[in-house]
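As structure tokens, the structure follows; a few thoughts come after it.
Values in this text are rule-based calculations from the coordinates and carry no lab data. All values reported here derive from a predicted model rather than from experimental measurement. FYI the Cβ positions are ideal-geometry reconstructions off the backbone, even for glycines, and counts take in every protein chain you see.
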Amino acid sequence: MAGFEHHDLQGETIDLGTGTGRLAIGAAMMGSKQVVGVDIDERSITLARENAIAAGVRVKWVVSDIKEVVGAYDTVIMNPPYGTRSPHVDVQFLERAFELAPVSYSIHKSSTRKFLRRVIERKNRRIDEMRSMSLDIPHLFPFHQKKWEKIDVDLYRIMS
């Protein structure tokens, strides 16, 4: 399941909590008409901007809290915070994604699968597809305790 399989990345795409810009840059490389990457951390946006230049793609970068994002998009892509440091912050990202676009791709810890299914159903959305995988997370933030950590995650395609 990828955005190109469903042609979800042809229109306007927004990456909420973009971090280093990996997903936004990927969407731009896949041919999205317009890509916006949003993160509250200015340092992350600076790094994302540099990564986009190195990749040779155009992305509009915005330093903002996701609550302040306005507009309508075709697709939201995101790898939100997993809610381990701030409980249910991942739910806040999902709720915002549902307000911004009819299609969302979102990555979450596999251990939260049952909880997330209930959240998604309560918001009158449906999980169209889900794929499980592992991500290797590098030590990027002061609260990270290991140089690398393997996290089991699920990638969801969620529809209105």
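Considering only the other residues whose Cβ falls under 15 Å of the Cβ of Ile53, what net charge follows from Lys and Arg at +1 and Asp and Glu at -1?
+3
Considering only DSSP beta bridges where both residues belong to the range 12-159, give the percentage that are antiparallel (nearest 5).
55 percent
Given 0.36 nm per residue, what is the gain on full extension from Asp65 to Ile53 after removing their alpha carbon distance, in nm?
2.0 nm
Between rounded, prolate and oblate, where does the chain land on the alpha carbon gyration tensor, with a ≥ b ≥ c its root eigenvalues, rounded for a/c under 1.5, else prolate if a/b exceeds b/c?
Here the chain falls in the rounded category.
What spacing in nm lies between the two simple spin-label points modelled at Arg22 and Ser110, each 7 Å away from Cα in the Cβ direction?
About 1.7 nm separates the two model spin labels.
Using alpha-carbon pairs under 8 Å, 6+ residues apart, how would you state the relative contact order of the range 12-159 in percent?
Once divided by the residue count of the range 12-159, the mean separation gives 20 percent.
How do the peptides 14-20, 37-43 rank, highest first, by the average count of neighbouring beta carbon atoms within 10 Å per residue?
In decreasing order of mean packing, 14-20, 37-43 become 14-20, 37-43.
For the range 12-159, what is the number of Lys pairs with C-alpha distance below 22 angstrom, counting only pairs 8 or more positions apart or on separate chains?
8
Would you please give the residues with an amide H less than 5 Å from that of Val153, counting only those at least 5 places away or on a separate chain, with H modeled from the backbone geometry?
Correct list: Ser110, Met133, Ser134, Leu135.
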